[in-house]
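One structure is given below, encoded as structure tokens.
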Amino acid sequence: MLGFRPRRGKRRTPFQVTLNNLIDRARPVITELLKLTAAAAAFGAVIWGLDRAQSQQFGQPEYRQYASFELIDAPAGVANLIKQELADFYDRDWIDDALCEQVARRLADSPWVETVKRVSKAEPGLIRVQCDYRRPQALIQHGEYFYMVDEYGVRLPGVYDYQPGWILVQGVSRAAPDPGETWLGNDIAAGLRLAGMILGQSYARQVVAVSVHNYGGREDPYRSHIELVTDSDGNRILWGSAPGEEIEENSAEQKLRILAENFRRHGRIDAHQPRIDISVYPSRFLIPA
């Protein structure tokens, strides 16, 4: 009968013997590493669960901290108006990561804001805002409506009733632009330039309006291009040409000195006269015939 001899196993090489020995020695270490990995994963899962539970808990209405705003160095009236523009952010959760960025974008679109410098979270619930704000300079009358502008002629929001105490620029030729846009026109630029010179003077409260109806002599080249209207029965001061556009007449500084001297001597910049002309002589005024 034919028989089969059992096959002898191959003899292991020295490399295989060395490798098996290394594996045998490393097996306990590998086992411990696997145990540590499993423990770390379990610990991470617990932390994640606690964090999620905490987030859900503090997401409940009784735990939420709603946003409030502090506007650094904003004029009081302007601050209140800007806070009204941010009204829909007041019910937002203070911990919302996108909140500051969204508030900054809203502020950048506000006509009351010239430049957004910084929007940041302060103490819990408080958003601190730092901006350069546009400050009202004068009222502009066009037709029967009154509008507020800053010193650069940027129109601010709103249509107003006449507000005593503000210098009014009357007689501008162009209609009002949208809020946040510059009101174009050399006449309004000249009126605002003169209003800015008068503001801060001791007699500023006596100036009711700067009239630019005849700016550039567009109505009558022989009349004063700009007039000041005073608070005394509408008395008029014939200013002459717009500041910086004088030809053979007093400079703006000379005219301001005449007004200051009138105020010192008479208590009135119009010297109690219905009309005076301050464009001719550098140290005194004329009373037109």
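Of note:
- Computed lengthening from D91 to E151, 0.36 nm per intervening residue step minus Cα-Cα distance: 18.1 nm
- Computed over segment 217-263, the alpha-carbon pair-distance distribution with 5 angstrom bins reads 5, 19, 27, 25, 16, 7, 1, each value a whole percent.
- Span from the segment 184-224 Cα centroid across to the segment 82-114 one, whole angstrom: 38
- The fewest-to-most ranking of M197, M148 by surrounding Cβ atoms within 10 Å reads M197, M148.
Only the coordinates and a few stated rules stand behind these numbers; no lab work does. Note that the structure is a prediction, hence the values are computed from the model and not measured. Cβ: placed from backbone, ideal geometry, glycine included. Neighbour counts: every protein chain shown.
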